[in-house]
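I have placed the structure first, in the form of C-alpha cells, so that the comments after it can refer back to it.
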Amino acid sequence: MKTRHPNADIFLSEITKLDSVTKDDIETILVSIFQSSYDGIYVADKHGVGIMVNAAYSRTTGVKSEELLGKNMKTVVKEGIVSESVTVKVLEKKTPQTIIQSVRGKELLVTGSPVFDRNGEIIYVVTNVRDISELNAIKTELYQSKKMTETYMNEIEELRKRELIHMHLDGVVAQSQEIMKVFHLARKVAKVDSGVLILGESGVGKEVIVNYMHQESDRAAKPLIKVNCGAIPSHLLESELFGYEKGAFTGANSQGKKGLFELANGGTIFLDEIGDMPIDLQVKLLRVLQEFEIMRVGGTKSIKIDVRVISATHMNLEEMVDKNDFRRDLYYRLNIVPIKVPPLRERKVDIVPLAFYFLNKTNKKTHLNKRFHPEILQFFEGYQWPGNIRELENFIERLAVTTDQDEISIKDLPPYMLPSRDSKKSEGGKLKETLANVERKIIKEQMEVSKTTRRAAEALGISQSALVKKMQKLGLTM
C-alpha cells in the first residue's frame, strides 16, 4: 500500500493545530502555494485528464489553461500542443518519470510524479516543467566557443611550428603551405634513421631541409658532415668517404686518415648530388648502408659506424636506374622516404618575404639602406626563377650593391629578365599595362587598409602628393 509523503502528513498535522482554521482555509492556502510556484505545475487525474494548471506553466510553455483542462493528455499530444506526455508514462509505469518535452518550439525538462491513495492506486499525476531552451542555447554557445577555441589553438600551434622552424633555420623564410608540408614531413622522419632522399631542382634549399632534420633528430649533438659527391674527383671520392691507411697510395698521409663516414660517427652524413657518384663506388656505399661498417682504402679490417644517411639530387634517379647509370638496389635503399622540395615558382607566397629577407641581410652586411619599389615585388612573383632561392638571393644582393638609387625598381632589372624589344610591339604595351595593373592593385589594397592617402603613402614609401598623382593617373578614387 502506498502512503502519502511524510511531509504532507506533517503539514496537515501542523496546520490543523491552528485555531479557527477551516477546510476552506486549508484549500485556499494550498491553491495559493500551487499558483505562486515559480516552476510550472500541471495536475491530471487517474485517467490522464487535466484538472489543474498554475500560471507559471502557462508562462513557461505559452499554453493556456483552457487548452489543457478537461482534456486527456493523449488528445493534447494528438493536437500537437506537446510532443509527448509524461503523465501517460507515469500512469503506465506507476513510477516518477522525466522526459525532455517540446512545447511550441520550447524544450522543457518535465518530471511527472504519481500521487497514490491509501490503497496504493494512482489518483493524480503532478507534473513539474522547467524551460531548458536557454540552457540548451548556452550549451550550443559553449560548444561553438569550444570549437572556435580549438580552431584558434590549431592556428596557434601552426604558428608555433612555423616559429620553431624559423628559429631552427636561422631566419630562413618558410610561409607557403607547400614548403610547410615539406618541413612537417621532415620533422616526422627526423626522429628515425630511415633513409631519406631529398629531391628538387638546384637551389631550392635541399641543404636547409638536411640542417632542419639533423637539428630535430636525436643526433643533433653529434656531427653533421656534408659531402658534395659531384664536387670531389671520382678517383678521390672513395678515400674521402671511407678514409685510408698509411701508405695506401703515393702521397698519402703517413698516419693514415679517417674518412667522412668515420667523422660523422654518431651523427648524420649528407650525400649531396648522389647521382654523380661513380657506379663502382655505389657498390661500396650499398654495403655500408647494409652492414653499417666501412673499410679504409688499403685497410684489411672493417670499422663499425653508427650514422644517419641523408642523400639528395636534382637528377631523375629513376631514369638513371633504367639506363643502368645508377644501381637499382642502392636507389631503393636511399629512397625509403622521398622528400620533394617544390621549386620557388610553385610557392609564390614565399618569394616576396624571401626578397625582403635577402635585402635586409645585404643591407646589414654592406651598410646600405636599399628598399624595393612596389612594382618590382609583383615582378618577382611572376618571374620563373630557374635558379630558385639561390638565384633570388644572389640576384637581390647584386641589385642592392649595383643600383645607384636607394629604391630598387623595374628599370634596374637586367635586359634578359624583361621581354626582348624585337618581339611584338604589343609586348611593350603589355608590360606597361601589367605594371599599371600591379600598381593599381597594390595601391587599392593599401588604401583599404590605411583608409587615408597619408598613411597609405607612408606604408608604400612614397610622398602623399606622389600617391595622389599616381591614383589619378591609374583612375583610382580617393
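The values are calculated or read from the model by the stated rules, or taken from the named source; none is laboratory data. Note that this is a predicted model, so its numbers are computed, not measured. Quick reminder, even Gly has a Cβ in these numbers, built from the backbone with ideal geometry, and neighbours come from all protein chains shown. We work out accessible area using only protein heavy atoms, side chains counted, and drop any ligands, DNA or RNA first. Shrake-Rupley method; radii C 1.70, N 1.55, O 1.52, S 1.80 Å.
A few notes on this one:
- Contour excess over end-to-end distance, with Cα ends at residue 258 and residue 66 and 0.36 nm allotted per residue: 59.0 nm
- Within region 232-334, antiparallel bridges make up roughly 45 percent of the DSSP beta bridges whose residues both belong there.
- Contact order relative to length of region 29-112, as percent, for alpha carbon pairs under 8 angstrom and 6 or more apart: 20
- In this structure the amide hydrogen of residue 176, modeled in the peptide plane, comes within under 5 Å of the amide hydrogens of 350, none closer than 5 places in sequence on its chain.
- Counting 0.36 nm for each residue step from residue 35 to residue 98 and taking away their Cα separation leaves a gain of 20.5 nm.
- With the whole protein complex present, residue 89 retains an accessible surface near 70 Å², based on a 1.4 Å probe.
- Net +/- balance of residues flanking residue 335 in space, Cβ distance below 13 Å, scoring K and R +1, D and E -1: +2
- Relative contact order (percent, whole number), region 369-411, Cα cutoff 8 Å, 6+ residue spacing: 72
- Low-density loop positions, trypsin sites (Lys or Arg not before Pro), region 287-326 - DSSP coil, at most 11 other Cβ in 10 Å: 301, 323
- Alpha-carbon centroids, region 290-335 and region 31-48: separation in whole Å: 87
- Amide H to amide H distances under 5 Å link residue 198 with 311, 312, 313, 339, where only residues 5 or more positions off or on other chains count and H is placed in the peptide plane.
- Stretchable slack from residue 403 to residue 436, in nm (0.36 nm times residue separation minus alpha-carbon distance): 9.6 nm
- Between residue 228 and residue 340, the C-beta separation translates, for a Förster distance of 22 Å, into a calculated FRET efficiency of about 0.60.
- Relative contact order for region 320-478: 17 percent, from Cα pairs under 8 Å spaced at least 6 residues apart, divided by residue count.
- The accessible-area ordering, largest first, of the residues 38, 416, 57, 124 stands as 38, 416, 124, 57, per a 1.4 angstrom probe.
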